[in-house]
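A.B. asks: What follows is a single structure, and I will ask about it in a moment.
What follows is calculated from the coordinates using simple rules that are stated; it is not laboratory data. Keep in mind that this is a model prediction, so the values were computed, not measured. A quick note on method: Cβ atoms are made from the backbone with ideal geometry, for glycine too, and the neighbour counts reach across all protein chains shown.
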Amino acid sequence: MAPKLVLTYFDIPGAAEPIRWALEQSGQEWEDKRLTGEEFGVVKPSLPNGQLPVLEVDGYTLPQSMTILRYVGKLGGLHPSDDLEAAKCDAVLDAAVDFYINVRPAYTEKDQAKQLEMFGDLAVNYIPKWLANVEKQLAATEGIYFAEKMSVADIMITTRLKTLRDGNYNGVPTTIFDSSYPNLNALYDSIVGEPKIAAFIAKHDK
Ligand SMILES: N[C@@H](CCC(=O)N[C@@H](CS)C(=O)NCC(=O)O)C(=O)O
């Protein structure tokens, strides 16, 4: 029997969005629990790492967004069963983590002027290189996905690309993810055009 899944995060895309898309795409039953800051403060001490997201699996609380993403990918057929294909998928998930590690200091910077300067630097010295590297890996595959068929890697990278296109980073041009990355654009269009994901985005994008 399928486990009872409850995903808890804030009412923003953030680290939960690829997990939500993977759950929707694979048609799993799940609860999308979104907490206010105040509600988070109440449950924080009870969480494994004091952070969100967490996935309750039949009452067991699983932390760490990438672990949760791989887990729901495995449950829903979006994480390859072949070892090498799975490794290809995981390498791309790690590239998405690299992106977050590099962008996080600017994202969490409270001083607006300093934040603008930090994002300006990332827009010139980091993000284009990251995009070019991921584009190169996608160009080297035979289809439009990173592994043999659609996986959580494709979903993960598309959510990263969406943050760029949606202008989530103060001072990073929304045009930074442009037509000079044809494979990434094809992937993006394919994933956001998946009917279940498109319906989820239409329901939740503010
Ligand atoms: N490595 C963790 C990081 C989780 C994380 O940084 N969560 C943030 C939100 S994105 C959080 O809960 N922040 C509130 C806090 O740390 O008090 C993951 O990927 O799940």
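A.B. asks: Give me the net charge of Val152's neighbourhood, meaning all other residues with Cβ under 10 Å from the Cβ of Val152; Lys, Arg count +1, Asp, Glu -1. Please list the in-between numbers first.
C.D. replies: Details: positive: Arg70, Lys74; negative: Asp90, Asp154.
Summing Lys/Arg as +1 and Asp/Glu as -1 gives 0.
A.B. asks: Return Tyr60, Tyr71 ranked ascending by Cβ neighbour count within 10 Å, so the fewest neighbours appear first. Don't skip to the end; give the middle numbers.
C.D. replies: Numbers: Tyr60 9, Tyr71 20.
Ascending Cβ contact count within 10 Å gives the list Tyr60, Tyr71.
A.B. asks: Using a cut-off of 12 Å between beta-carbons, work out the net charge of the residues near Glu24 (Lys and Arg +1, Asp and Glu -1, Glu24 not included).
C.D. replies: It works out to a net charge of -1.
A.B. asks: Still on this model: Name the shape class, rounded, prolate or oblate, that the alpha-carbon gyration tensor gives for the stretch 5-75, where a ≥ b ≥ c are the square roots of its eigenvalues, rounded holds for a/c under 1.5, and otherwise prolate holds if a/b is larger than b/c and oblate otherwise.
C.D. replies: prolate
A.B. asks: If you don't mind, another one. For a quick check: sort Arg165, Arg160 by the number of other beta carbons within 10 angstrom, fewest at the front.
C.D. replies: Neighbour counts put them in this order, fewest first: Arg165, Arg160.
A.B. asks: For the stretch 93-163 and the stretch 45-72, what is the separation of their Cα centres, given in Å?
C.D. replies: If you average the Cα positions of each part, the centres end up 23 Å apart.
A.B. asks: Given DSSP loops and a limit of at most 16 other Cβ atoms within 10 Å, what is the longest stretch of the chain that contains no such GluC sites (Glu not before Pro)? Provide the component values of the computation, followed by the final result.
C.D. replies: Numbers: sites that count: Glu29, Glu109, Glu142, Glu148.
Longest site-free region, per DSSP loop and neighbour criteria: 30-108.
A.B. asks: On a C-alpha basis, how far is the centre of the stretch 166-189 from the centre of the stretch 23-40 in Å? Whole number, if you could?
C.D. replies: If you average the Cα positions of each part, the centres end up 27 Å apart.
A.B. asks: Related question: By the gyration tensor of its Cα atoms, with a ≥ b ≥ c the square roots of the eigenvalues, what is the shape of the stretch 83-193: rounded for a/c under 1.5, prolate for a/b over b/c, or oblate? Before the final figure, lay out the partial values.
C.D. replies: Values: a/c = 2.32, a/b = 1.84, b/c = 1.26.
Judged from the Cα gyration tensor, the stretch 83-193 comes out prolate (a/c at least 1.5, a/b above b/c).
A.B. asks: Continuing with the same structure: Check each of the chymotrypsin sites (Phe, Trp or Tyr not before Pro) in the stretch 94-156 and keep only those in coil by DSSP with at most 14 other C-beta atoms within 10 angstrom; list them in order.
C.D. replies: none
A.B. asks: Around His204, with a cut-off of 11 angstrom between Cβ atoms, what is the net charge of the other residues, counting Lys and Arg +1 and Asp and Glu -1?
C.D. replies: That sum, taken over residues with Cβ under 11 Å, equals -1.
A.B. asks: Based on DSSP, what percent of beta bridges with both residues in the stretch 1-101 are antiparallel, to the nearest 5?
C.D. replies: Of the beta bridges lying entirely in the stretch 1-101, close to 60 percent run antiparallel.
A.B. asks: Something else now. Rounded, prolate or oblate: which fits the chain when a ≥ b ≥ c are the square roots of the eigenvalues of the alpha-carbon gyration tensor, with rounded for a/c under 1.5 and prolate only if a/b beats b/c?
C.D. replies: oblate
A.B. asks: Sort Thr174, Thr159 so that the residue with the fewest other Cβ atoms within 10 Å of its own Cβ comes first and the one with the most comes last.
C.D. replies: Ordered by Cβ neighbours within 10 Å, fewest first: Thr174, Thr159.
A.B. asks: For the stretch 1-38, which trypsin sites (Lys or Arg not before Pro) pass both filters: DSSP loop (anything but H, G, I, E, B) and at most 14 other C-beta atoms within 10 Å?
C.D. replies: Loop-located and lightly packed - Lys4.
A.B. asks: Let me have the 222 nm mean residue ellipticity of the chain computed from DSSP H runs of 4+ only, each contributing -39500 (n - 2.57), with the sum over all residues rounded to the nearest 500.
C.D. replies: Result for the chain: -17500 deg cm²/dmol, rounded to the nearest 500.
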